[in-house]
Each structure stands twice: as structure tokens, then as C-alpha cells.
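Just so it is clear, none of the values below were taken in a lab; they were calculated from the coordinates. Keep in mind that what you see is a predicted model, and the values were worked out from it rather than measured. All Cβ positions, even for glycine, are placed from backbone atoms using ideal geometry, and neighbour counts span all protein chains on display.
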Amino acid sequence: MNRIICVALLLFVFVTPLAQAANIAPMKTFKNRIILKEDAPDAAKKTYNALVKAAQQEKWDIVGDDGNTLRLKRIVRKRHTVVIDVHIRGKAVDVDYVSSENMHYQKNVQDTRGVCGGERIPGLTARCADGEVINPNYGAWVSRLLKIASRASN
């Protein structure tokens, strides 16, 4: 009986961190992402319109808009929430993470599992930006939003 308890405890201690690591990845940064392929006098307006169209298509809610910055919020399965600011700079945008719920966001991560550098967990190859980690879906959702906005603008 003691042997079973010891094995179960060892499995918990070693497997649980690996399972949790699969739900986090280095925080992707989205700076100077080109949306329009060409320069135009009304590039910012075209970029804005493309982002609004992409946000609607990808089910991001516009929760703030000052003309140069869109605050977007996405809720998935009534469980996961992400809020970002998209700063429009002519034909390019910068995306800043604002907040999230149930996305395992952590700042100033003390890397004990090789997620941010050193010995890496298979599948995680990038280093953490400033020690930040989050569920890998964050990067996928933002990348898809920008890709669709780029297609919509051209």
C-alpha cells in the first residue's frame, strides 16, 4: 500500500508540471505587423476598416475605440477571455496584451520547467518575452485576427 502511495505521489510531482507546461507558451509579441501591402494616403482608415471586419469575423468584440487604438475582447466557450489593444500606425499595427481570464497568464516567470529558456520542453522553441507566458491559443487567436485583417485590406 505504501508503495502505491509513493508511486502516485511521484507521478503527481513529475507529471503535473509537464501537463501544466503544455498549457503555457512564451508570450508572442506583435509589433509593426503590416496589414496593408502598399502605402496609401488613407492607410490608417483602410487598416482600421480591415481590423473591424476581421474582428467581427473572428468574434472579437470592440470594447473601446479612439480612432487610433481598438480595444478588442474575445470570449471563447464562456470560459476563456482575452483583451488586447491594437494600435493603428498607418499600414501597420502593434498589438498589446491587456488582460485575460483562464489563460494561465504569468508575468516575471521563474523558469523552473524550461519553458522560457535553458532546457526546453519539446514543442516550445521560443524564449519568453520579458518572462511572460500564456496559453498558446492567445498567439494563435491574435495571429489569425491579423492575417484575416491583412487579407480583408487587399
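Taking other Cβ atoms within 10 Å as a rough exposure proxy, Ile148, Ile75 sort from fewest to most as Ile75, Ile148. The simple Förster model, with R0 at 30 Å and r as the Cβ-Cβ distance, assigns Asp39 and Asn102 a FRET efficiency of 0.15.
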